[in-house]
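First comes the structure, then the notes that go with it.
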Amino acid sequence: MIDVEEIIEKHQEDICTHCYKNITDGIRGANGWICEGSYCDEATESFFDENAYKLRKYKLIKIRENL
């Protein structure tokens with residue numbers, strides 16, 4: 001069974017890119033590599049809010065496994 005940590009790990013590069021473009025873009029001193037994980041929770045939530053279809057397949061897999 002796939003869990004949330006695995007899903008996040010699979011999309012980590014996309015989440016970091018999303019963070020750099022949408023979360024830390026206007027924050028002085030947080031240009032993607034200086035943040036050191038300070039915005040990961042916010043970026044992960046925002047990424048999956050904007051890309052809900054990426055979570056849909058995992059939800060379907062979980063539903064099928066429970067049948």
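The phi-based Karplus calculation (6.51 cos²θ - 1.76 cosθ + 1.60; θ = phi - 60°) puts the 3J(HN,Hα) values of segment 5-18 at 4, 5, 5, 4, 4, 5, 9, 4, 5, 5, 5, 5, 4, 4 Hz, whole numbers, x for Gly and Pro.
Between Ile63 and Glu45, the contour length at 0.36 nm per residue exceeds the Cα-Cα span by 4.3 nm.
On a per residue basis, the convex hull of the C-alpha atoms belonging to segment 4-65 measures out at 73 Å³.
Approximating the spin labels as points 7 Å out from Cα along Cα→Cβ, the Ala52-to-Ile27 distance works out to 2.5 nm. A dipole drawn for segment 4-65 from +1 and -1 charges on Cβ atoms has a positive end, and of Ile63, Thr44, Cys19 the residue lying farthest that way is Ile63.
Look at the alpha carbon pairs under 8 Å that are at least 6 residues apart: their mean separation over the length of segment 4-65 gives a relative contact order of 29 percent.
Each reported figure results from applying straightforward, stated rules to the coordinates on display, with no laboratory input. All values derive from a computational prediction rather than experimental measurement. Note that we place each Cβ from the backbone using ideal geometry, even for glycine, and neighbour counts take in every protein chain shown.
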